[in-house]
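Chemist: Quick one: the structure is below, and I'll ask about it shortly.
The values are calculated or read from the model by the stated rules, or taken from the named source; none is laboratory data. Treat the numbers as computed from the prediction; the structure is a model and nothing was measured. Backbone-built Cβ (ideal geometry, glycine too); neighbour counts: all protein chains shown.
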Amino acid sequence: MKTIIMPKLDLAMDSGTIVEWFKREGEEVKEGERVVSIMTQKVTYEITSPANGTLYKVFASANEDVPVGKPIAVIMEPGDNVADVERYIREVMAEKAASKVEIKEKEEITVEVKEELREEIERIKISPIARKLAEEHGIDITKIKGTGPGGRITKEDVLKAIEEFKARKEKEKIMPLTGIRKIIAERMVLSHKTIPPVTYSMEVDATQMIAVRDAFKKEKNIDLSYNTLITRAVVKAIIDYPIFNSTIEGENIRIIDDINIGIAVATDYGLVVPVIHNADKKDIMELNAIVRDLVERARQNKLTIEDVSNGTFIITNLGMFGVDVFTPIIFPGQVAILGVGRIVEKPVVSSGQIVIKPFMTLSLTADHRVIDGALAAKFLRKIKENLENIHLII
Amino acid sequence: MYKLLREAEGEGLERLHSDLLIWMYTKMLEIRRFEEKIEEEYRKGLIPGLVHLSIGQEAVAVGVCANLRDDDYVIGTHRGHGIAIAKGVPLDKLAAEILGKETGCCKGRGGSMRVAYVDKGLLYSCPIVGTGLPLAVGAGLSIKLRKTNQVAVCFFGDGASNTGDFHEALNLASIWRLPVIFICENNMYAISVHVKKSTSVENISDRARGYNIPGFTVDGNDVIAVYKIVREAVQRARNGEGPTLIECKTYRIVGHGTTDPGIAYRTIEEIEEWKRKCPIDRLRRYLIANGILSEEDLNRIGSEVEARVREAIKFAEESPYPSPDQVAEYVY
Amino acid sequence: MYIRGCTMREITYVEALNEALREEMRRDERVIVMGEDVQLGYSGRGGLFLVTADLMREFGPERVRDTPISEEGFVGAAIGAAITGLKPVVEIMYADFLLCCMNQIVNVAAKLRYSTGGQLKVPIVIRTMIGQGRGVGSDHSQVPIAWFMNVPGLKVVAPSTPYDAKGLLKSAIRDESPIIFFESFLLYRTKGFVPTEEYIVPLGEADVKRKGTDLTIVAISTMVPCALSAAKKLKEEFNIDAEVIDPRTLVPLDKKTIINSVMKTNRLIIVESGVKTCGVGAEIASIVAEETFDYLDAPIKRVAAPHIPAPASPALEQLTIPSENDIIRAVREILQG
């Protein structure tokens, strides 16, 4: 008798999910023959049979999550005593049933804790108008001591707290989380809650970018911005890897036809992301004009709703602030974002000689629900190639 | 035709009677045909709520109302279609009311049991048994104080004669000598309870004595008898001689309402016997026997009546329901 | 009290009502008065409490009509007269006796206009008296105001001062809907200033009897003078500044005045001498909770009679009628705990 257990396949793995059984109960298996596939948080593995015999009993069906080390199947080998095998199976089933109960009990306990918490919150006695005033002025009612009957927080208590808050604000320069700041905060929290992000970075040789810029300046007297060139490189990469221009809708991934590139712009009033709509349909001159116009209007707070709507992929450039590498956060509704670092000269060995070259680091954050590491790397490399050969694609 | 009759008052009695009799026959037939159609509409599911038919009792409504002017007041009952038709409510407005339509005489707010048509003096039909009697007393008081020579007539059933309202109303009308005529349509059953089980007197008109007013009992299936006795009461009322109680003994051939087969508490024989006493057939025979109308005339009247009823029902069916945004109209 | 251009004199609540009846009967010959003992009463002048005093002398027995003890009958008759051109003012001696004609009031008067699709109007005023406060016992002391508020089609009026009593009775008589007009024995002998000149008080307008900032007291009928004296004490002894509102008309109710006041003071107490359960206060509290919840700074409180029939013994009866102290206690409870 041999048992197949849920193997630990990864350092952080504490359970695995059954994907598919290749053999059914009662079917013969040979040692080394694949029996079941298991998925961890990262990869899918195929498990092979540890012995020759019969797949006698399966303890976990497809989609079931099993803790590491727990049996998932029993192989009966020739010469095994059926009664022994059956007894073992009963033991496993009993343990499994018990563990389920345990989980259930745990859940109940959690619920109880929650209930207590809720009561704790509700136990704050506060009059309706006091509650409303507190909300309107962003006052934390848990910090107010009620002076009304039974310790109820009254209107007067909240008015007092508002006065105190105002006085403190004067002193400490407390800024309320309002307007664009509040929106940014909400979106970033949403992103953090819902998107499993992975950031990948890669160095790019910026020699060609600088050369192209200089050439445009010299020959056409046009200031080509780095953002224009990066946008161009990204658009071309997206055409090759359209999955980066997609969105998750419920259980589906929808690839979006329009490539609308958002450029994150830091302004005095906060971060805004104007969008270059259908960036793939613009030539380099158009692109440059649009980028410059959008950035300018963003700084003047003159963007329209259309200017900031329907972005599908964002480029965020912190190069001008001296940042090399960072981990951009994906805007909810998108699946990736590209961070751009500063251009810095570095010594490199080229053809046996040490030469100085300008380099720039790209940081790509991708939603792991949609995009696995290898794909992200390929996409990033494509952008790198595009930038290093930017003269060929403009 | 009825108007003609009024203008002819004081002329030769015989002439007067022919027109009156034809009018009465026509009205009774209208009520009968109308209610038969209403029952069909009910069976089709086109009528909300409760519907109480007066099939068999037509002579009371018609015999009484034949004495009334448009400005005389009538309070009807939940069994009020016949009273409404006899008092001159247009058939189409009545049918539309019963079907709950905006074109009904009460804009569909009252329904079958609460027909009112103030233009013709039908103030209200009171579906709470007995409740109408004090209202008629009040109408009589109003007549007296305004010094007009109208009369107020209240219809009610044998069941109502056991309510406090009946006794209070008779007393008030008597002490104030009001021009009120109380018409008891004694159809012998308050739903399923026979009048003998519920009522202390042999004739409900006996109760008039207790209130010191004239009381009469009349064959309620004889329209001529009803007409004559009410004519005297109306004259007394108009002359300021006070109220009268008139009991019209009759019978509803059908059940209490359209949901009552009407046979659990009475025998088929009893029903058949009363069918033979049909007030319409009786007047029809009288008209032929006295050479007032021929079979041909009567058949012509019959088809005219049927056409009018058909038109009215059609009007009601095709009329719109009241608009939802007016549900809160007429509360105050 | 002073109203510009008016000569005022002090008269009782009963005298004010009597003036209203006389003026309206002179003004409109369709107005008649009917009820038990309205012609003579004990005094020979009319009415057990003199509300109809001297009316028969002036208008005669046809228009001022004694009725038998027959509430269902004569209220029904009044309704019948109202729908055929008269404007009857009916007296029901005690509010408890309204139950003897509940059928006519609720099933007929309240419904006629609606059920006839607007063909009929029922211009009838049913005057009645809350008998509470003189030991007349369980079936002569009820305060059934809320019962009638529950009936669509009826208007409900309950004035607390001679000025309001006269002005509202005149408005009620001129109105075309059936109206239940609650008077109160405990108010009958109270005095107040009333203009010599003619005036009316429109239905559906509350009156702020006292301005204040700390809480709103809505008081009904008999409880208005009581609430005012409580407010005075609250100011003097506890420096609590109560606003006192008398709705005067319960249907239609002047929600706006009450709500505006509560939005200002953030606190509400309703005082009525009727039973608390499903009372007038329950309705007003619900309206305020529904429409101004966010302005409340304390629980709404009702001061009302307990769920007990009125006892005859004076020692017990006073326990069933809210007092000045009950109001003060309630106010301090929601303000100071």
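Chemist: Scan A:Ala279, A:Ala289, A:Ala266 and give me the residue that is in contact with a strand residue (DSSP E or B) (Cβ under 8 Å, 6 or more places away or on another chain) and aliphatic (A, V, I, L, M).
Modeler: So the residue among A:Ala279, A:Ala289, A:Ala266 that is in contact with a strand residue (DSSP E or B) (Cβ under 8 Å, 6 or more places away or on another chain) and aliphatic (A, V, I, L, M) is A:Ala279.
Chemist: Condition (residue is part of a helix (DSSP H, G or I), surrounded by 18 or more Cβ atoms within 10 Å (Cβ to Cβ) and assigned by TED's automatic domain parsing to the domain that holds A:Thr312) applied to the stretch A:352-367: is it met by at least one residue?
Modeler: no
Chemist: Does the stretch C:277-301 hold any residues that are within 19 Å of C:Arg332 (Cβ to Cβ) and either within 12 Å of chain A (Cβ to nearest Cβ) or of a type in the set (Lys, Arg) (or both), and which are they?
Modeler: C:Leu296, C:Asp297, C:Ala298, C:Pro299, C:Ile300, C:Lys301 - these are the residues of the stretch C:277-301 that are within 19 Å of C:Arg332 (Cβ to Cβ) and either within 12 Å of chain A (Cβ to nearest Cβ) or of a type in the set (Lys, Arg) (or both).
Chemist: Could you tell me which of the residues A:Arg299, A:Arg342 is touching a Ser or Thr at 6+ places or on another chain (Cβ under 6 Å), more than 26 Å from A:Asn252 (Cα to Cα) and either of a type in the set (D, E, K, R) or outside the structural domain of A:Thr267 (by TED's automatic domain parsing) (or both)?
Modeler: Testing whether each residue is touching a Ser or Thr at 6+ places or on another chain (Cβ under 6 Å), more than 26 Å from A:Asn252 (Cα to Cα) and either of a type in the set (D, E, K, R) or outside the structural domain of A:Thr267 (by TED's automatic domain parsing) (or both) leaves just A:Arg299.
Chemist: Another one. Among the residues in the stretch A:251-266, are any among the acidic types (Asp, Glu) and more than 28 Å from A:His368 (Cβ to Cβ)?
Modeler: no
Let's see how each residue does on (1) surrounded by 21 or more Cβ atoms within 10 Å (Cβ to Cβ); (2) more than 13 Å from chain B (Cβ to nearest Cβ); (3) in contact with a helix residue (DSSP H, G or I) (Cβ under 9 Å, 6 or more places away or on another chain):
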position	(1), (2), (3)
C:Pro88	yes, no, yes
C:Ile92	yes, yes, yes
C:Ala95	yes, yes, yes
C:Gly118	no, no, no
C:Ile126	yes, yes, yes
C:Val136	no, yes, yes
C:Arg189	no, yes, yes
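Chemist: Hey, any hits in the stretch A:10-23 for a residue that's in the same structural domain as A:Ile89 (by TED's automatic domain parsing) and without any contact (Cβ under 8 Å) to a residue 12 or more places away in the chain?
Modeler: Looking through the stretch A:10-23, at least one residue is in the same structural domain as A:Ile89 (by TED's automatic domain parsing) and without any contact (Cβ under 8 Å) to a residue 12 or more places away in the chain.
Chemist: Separate question: What number of residues in the stretch B:112-150 are within 8 Å of another protein chain (Cβ to nearest Cβ) and under 30 Å from B:Asp325 (Cα atoms)?
Modeler: Residues in the stretch B:112-150 being within 8 Å of another protein chain (Cβ to nearest Cβ) and under 30 Å from B:Asp325 (Cα atoms): 8 in total.
Chemist: I've got another one for you. Is there a residue in the stretch C:55-68 that is on the phi < 0 side of the Ramachandran plot, of a type in the set (Val, Ile, Thr), surrounded by 24 or more Cβ atoms within 10 Å (Cβ to Cβ) and within 19 Å of the chain's Cα centre (by Cα)?
Modeler: Checked the stretch C:55-68: no residue is on the phi < 0 side of the Ramachandran plot, of a type in the set (Val, Ile, Thr), surrounded by 24 or more Cβ atoms within 10 Å (Cβ to Cβ) and within 19 Å of the chain's Cα centre (by Cα).
Chemist: Could you figure out which of (1) charged (D, E, K, R); (2) surrounded by fewer than 16 Cβ atoms within 10 Å (Cβ to Cβ); (3) assigned to a helix (DSSP H, G or I) isn't true of B:Arg282?
Modeler: All conditions are met except number (2).
Chemist: Moving on to the next point. Out of the residues in the stretch C:1-49 meeting the condition of being closer than 22 Å to C:Glu71 by Cα and among the β-branched types (Val, Ile, Thr), tell me which one is farthest from the other protein chains (Cβ to nearest Cβ).
Modeler: Ranking the qualifying residues of the stretch C:1-49, first place goes to C:Val38.
Chemist: Considering A:Thr207, A:Thr142, A:Thr194, which residue is at pLDDT 90 or above and more than 26 Å from A:Tyr269 (Cα to Cα)?
Modeler: A:Thr207
Chemist: Oh, and also: Hey, can you tell me all the residues within the stretch C:302-337 that are touching a strand residue (DSSP E or B) at 6+ places or on another chain (Cβ under 8 Å) and within 11 Å of chain A (Cβ to nearest Cβ)?
Modeler: Within the stretch C:302-337, C:Glu333, C:Ile334, C:Leu335 meet the criteria.
Chemist: One residue is enough: does the stretch C:154-172 have a residue meeting the conditions without any contact (Cβ under 8 Å) to a residue 60 or more places away in the chain, of a type in the set (Val, Ile, Thr) and under 30 Å from C:Asn103 (Cβ atoms)?
Modeler: no
Chemist: Could you tell me which numbered condition B:Glu202 fails, if it satisfies all but one of (1) acidic (Asp, Glu); (2) under 19 Å from C:Val75 (Cα atoms); (3) surrounded by fewer than 22 Cβ atoms within 10 Å (Cβ to Cβ)?
Modeler: It fails just one condition, (2).
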